[in-house]
Every structure is written in structure tokens, then in C-alpha cells.
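Report on the structure given below.
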Amino acid sequence: MVAALRYLVGACGRARGSFAGGSPGACGFASGRPRPLCGGSRSACTSSFDIVIVGGGIVGLASARALILRHPSLSIGVLEKEKDLAVHQTGHNSGVIHSGIYYKPESLKAKLCVQGAALLYEYCQQKGISYKQCGKLIVAVEQEEIPRLQALYEKGLQNGVQGLRLIQQEDIKKKEPYCRGLMAIDCPHTGIVDYRQVALSFAQDFQEAGGSVLTNFEVKDIEMAKESPSRSIDEPEVGTEGAD
């Protein structure tokens with residue numbers, strides 16, 4: 001059982017601990033979208049959710065999307081202090097889709113990176129999101145760097161990174177004419193994408209599944225609510241002790 005998380009609303013943009021009624025004032029609109037962010041299939045701008053996620057970046061939106069797809073009966077809200085979603089780190093990075101070559105074999109990072117890259121390419125294809133699977137070269141320019149390059153290559157193979165190959169000087173020049181090196185790892189599954197577009201697509205999926213997104217809604221404080229004492233399964237209900 002998930003206890004409902006309630007928040008106090010003075011206006012759309014302030015939130016505190018527990019609250020039993022009312023709804024936010026003005027809620028934002030998604031950039032480039034025709035409907036309010038606080039839409040969804042449930043009542044708009046509700047004052048109570050089973051789960052609230054603070055922060056409308058790609059991590060918050062991906063988490064919200066995954067939760068509502070797995071638990072459609074729950075009411076879930078995303079709160080974002082800015083007027084638009086994904087306007088901080090999500091929209092200001094290099095946009096690299098990493099292959100997973102660098103992480104320690106069998107580590108969670110390695111597994112998530114390799115699986116995540118494959119799922120991201122698949123998602124972008126399904127949603128029509130532009131990306132470029134441009135690949136990359138990891139180059140050894142000095143003789144002493146070659147053993148480290150070979151060790152990295154073996155690590156990538158252990159991690160299940162697809163398409164890896166070691167190439168020599170001539171193949172380096174063919175692939176990147178302005179690159180000079182003694183040996184390189186050709187990593188074709190590395191790519192680039194606009195992660196803000198991905199995040200906004202996550203938000204749309206979340207809303208279409210019934211989730212609510214509130215922009216211009218900054219969380220100022222969070223308070224712990226007192227819980228009712230738990231009752232043992234073997235403890236009889238009030239008024240039932242001694243009943244036939």
C-alpha cells in the first residue's frame with residue numbers, strides 16, 4: 001500500500017508538507033504542446049498524489065514514465081520549478097549516447113550503459129527523435145598507450161559493447177583523415193542525441209498514461225507526516241474479540 005503524499009499549495013510555485021484540499025493556481029504549459037502540463041487523464045491539477053517526483057529533468061521524467069507504466073493505478077505527479085521542462089543539465093550537455101566501454105565489467109554501470117544505449121536507440125526510432133550513430137575512435141598516439149588501449153578493448157568486449165574492433169594507422173586515416181595514431185578502438189555504437197527532446201517525449205508518454213506535470217511549481221519545504229501505528233496481522237479488529 002502506498003500512502004498518498006499531499007502537499008500544501010499557496011499558489012502554483014510553492015509547496016509544503018501535508019495538505020488536505022485545494023488545488024494549484026496557475027499551472028504551466030509544455031513548450032510546443034497544445035495542452036496544460038497539469039492535464040492527464042485524471043483530474044487536472046490535483047492536490048494529492050500517491051507519488052510525487054520533484055524535478056522535471058530527464059531523470060525525473062524517465063522515472064515518472066517508468067513508474068506510471070508499471071503502476072497505472074497510482075496517481076503520480078512531477079513538480080518543476082521552471083516554466084519549461086528539462087532546461088538545466090538535461091539540455092546543456094554534449095548529448096553523447098555512451099557505448100559502455102569504460103566501465104568495470106559486470107558492474108551495474110556497465111550493464112545499464114550497454115542496455116540503456118540499445119533501448120535509447122530503439123526509443124528514438126519509435127518516436128521519430130533525431131539522433132546520429134556516428135561512432136568514435138579511441139586512439140593511442142604513443143607506443144606506451146597501446147597496452148592500455150588493448151586492455152580497454154578487452155573490457156569493452158566483456159561488457160558486451162557491439163561492433164568493437166582494433167584498427168591500425170591506415171584504417172584510422174581512412175575513417176578520420178585528420179586523426180593521427182598508432183592504433184585505435186573503433187566504437188561504432190557511440191552516438192549523439194538531443195536529450196531535451198528525449199525528456200519532452202518522456203513527459204508526453206507520462207501525461208498520456210495519466211500522469212500530471214506541474215511547471216512553475218517550486219518545492220520550498222518537505223515535512224514528514226505522522227503515520228498511524230501498524231497493527232499486527234494476528235491482532236483482532238475492534239469489536240470482534242470473542243465473537244462467534
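The values are calculated or read from the model by the stated rules, or taken from the named source; none is laboratory data. These numbers were taken from a predicted model, which means no experiment stands behind them. Quick reminder, even Gly has a Cβ in these numbers, built from the backbone with ideal geometry, and neighbours come from all protein chains shown. Accessible surface areas use protein heavy atoms only, side chains included; no ligands, DNA or RNA. Shrake-Rupley method; radii C 1.70, N 1.55, O 1.52, S 1.80 Å.
A few remarks follow.
- A search for C-beta distances below 7 Å between a residue of the range 208-222 that is more than 8 Å from Glu80 (Cβ to Cβ) and any residue that is open to solvent by 10 Å² or more (accessible area, probe 1.4 Å) and of a type in the set (S, T, N, Q), counting only pairs 6+ apart in sequence or on different chains, returns Gly210/Ser41; Ser212/Thr46.
- Whenever a residue of the range 156-178 is more than 16 Å from Gly191 (Cβ to Cβ), its partners that are aliphatic (A, V, I, L, M) and assigned to a loop (DSSP other than H, G, I, E, B), lying with C-beta atoms within less than 7 angstrom and at least six residues away or across chains, give the pairs Leu157/Leu164; Asn159/Ile101; Gln169/Leu182.
- For the range 70-80, a residue qualifies if it is part of a loop (DSSP other than H, G, I, E, B) and crowded, with 18+ Cβ neighbours inside 10 Å, and the qualifying residues are Ser75, Glu80.
- If the condition is being surrounded by fewer than 16 Cβ atoms within 10 Å (Cβ to Cβ) and among the basic types (Lys, Arg), then the range 136-150 contributes only Arg148.
- Within the range 114-147, the set of residues being under 18 Å from Thr190 (Cα atoms) and without any contact (Cβ under 8 Å) to a residue 40 or more places away in the chain comprises Gln115, Gly116, Ala118, Leu119, Glu122, Gln125.
- In the range 155-209, the qualifying residues are those that are open to solvent by 40 Å² or more (accessible area, probe 1.4 Å) and polar (S, T, N, Q), and the one that is nearest to Ala118 (Cα to Cα) is Gln162.
- Filtered residue count, the range 87-110, keeping only those that are farther than 16 Å from Gln158 by Cβ, surrounded by fewer than 18 Cβ atoms within 10 Å (Cβ to Cβ) and among the polar types (S, T, N, Q): 3
- Subset of the range 173-218 (residues that are in contact with a strand residue (DSSP E or B) (Cβ under 8 Å, 6 or more places away or on another chain) and part of a helix (DSSP H, G or I)): Lys175, Ala203, Phe206, Gln207
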